[in-house]
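Note sheet for the following structure.
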Amino acid sequence: MEDALTGEDLTVDGLTGDWRIVQRKRGHRHSTDDLLTGWYAAETVRDAQRILDLGAGLGSVGLLALARSPNASLTSVEAQAVSHALLVRNVALNGLEARVRTFHGDLREVRFPGETFDLVTGSPPYWDVKDGVVPADSQKAHARFELRGTVHDYCLAAREALAPGGRFVFVFPTAQRARAERCIADAGLAIVRSRDVIPRATLAPLFSLFACRRAEDDTHLEPVREPDYLVRHEDGTPTAEHTAARATFGLVTRRREDSVAPPSAPPSASSP
């Protein structure tokens, strides 16, 4: 459909069995890393009460976590103008204004004095600007490249917002796992568990999911490196685990329904 205000082509797609998401047809779009970050967050903190989504983009990760937490409220922070406008639109589309508040601001600056959250989620941009060609499209550029904050900034913001015993769940390229682990430790966090995701059998892991705690909490817990998560078999059919993960959101998995955008190399300006 064409947006009456901007003239852009937009699509309305399924986010869960009940909720929809509006996104630009040729912009940054919801994909498997978002889906699995929301799933991992909901599996890590069952029935969260207060959720904070950092760098929320279109809202997909935070809304997925909210969908699995019927008693929760969600606070979403997004600085990029186009993405924030779509975030607000997606909250309204699903009738979630009473449960979701949105902030148009930089996660390095937005703070919530006197408030803490038992679940914080994030999907940091994957690439330093020196590692590739920054897309001309502002939404794609900010979603993919570190134009406004790094994974370290996400960890610092999450650390400040976490309640005692809370968890910070985020996604980052497996190729940069060591960097993510350093940033987690430098921010005063510790890994509770993590998992690498393989998009298809015979391929290397593309991105990793991390669940972190405040370093001073639950110090008896040892970090667990969980078995790799395989999305699809070699013939392209979804695995039983991926089908089950989607089913927790009321989604039916078809042969090629998911989009897995490879973060193993920086995208060029012409990347979809």
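Bear in mind that the values in this text are calculations on the coordinates, not laboratory data. Predicted, not measured: the structure shown is a model, and the values here were computed from it. Backbone-built Cβ (ideal geometry, glycine too); neighbour counts: all protein chains shown.
Couple of notes before you dig in:
- Residues whose amide H falls under 5 Å from that of Leu189, counting only those 5 or more places apart or on a different chain, are Ala215, with hydrogens built in the peptide plane.
- For Asp118, the residues whose modelled amide H falls within less than 5 Å of its own, excluding neighbours fewer than 5 places apart on the same chain, are Gln49, Arg50, Ala163.
- Antiparallel DSSP beta bridges within the stretch 32-247, percent to nearest 5: 40 percent
- Exposure proxy order (Cβ contacts within 10 Å, fewest to most) of Ile198, Ile21: Ile198, Ile21
- Loop-resident sites, the stretch 170-208, for trypsin sites (Lys or Arg not before Pro), counting at most 16 other Cβ within 10 Å (DSSP): Arg200
- Dipole axis of the stretch 32-247 (+1 Lys, Arg; -1 Asp, Glu on Cβ), positive-most option in Ala215, Leu66, Pro238: Leu66
- Beyond 22 Å, the tail of the calculated P(r) for the stretch 32-247 holds 48 percent of the Cα pairs.
- Shape category assigned to the stretch 189-231 from the gyration tensor of Cα positions, a/c cut at 1.5: prolate
- Contour excess over end-to-end distance, with Cα ends at Asp106 and Val129 and 0.36 nm allotted per residue: 6.5 nm
- Contact order relative to length of the stretch 168-212, as percent, for alpha carbon pairs under 8 angstrom and 6 or more apart: 51 percent
- Mean separation of Cα contacts under 8 Å, 6 or more apart, over the residue count of the chain: relative contact order %: 17 percent
- Cβ charges +1 (Lys, Arg) and -1 (Asp, Glu), total dipole of the stretch 32-247, debye: 220 debye
- Local electrostatic count, Trp39, Cβ distance below 9 Å [Lys/Arg +1, Asp/Glu -1]: +1
- A dipole drawn for the chain from +1 and -1 charges on Cβ atoms has a positive end, and of Leu36, Pro199, Leu52 the residue lying farthest that way is Pro199.
- Ascending count of other beta-carbon atoms within 10 Å, so fewest first, for Asp106, Asp33: Asp106, Asp33
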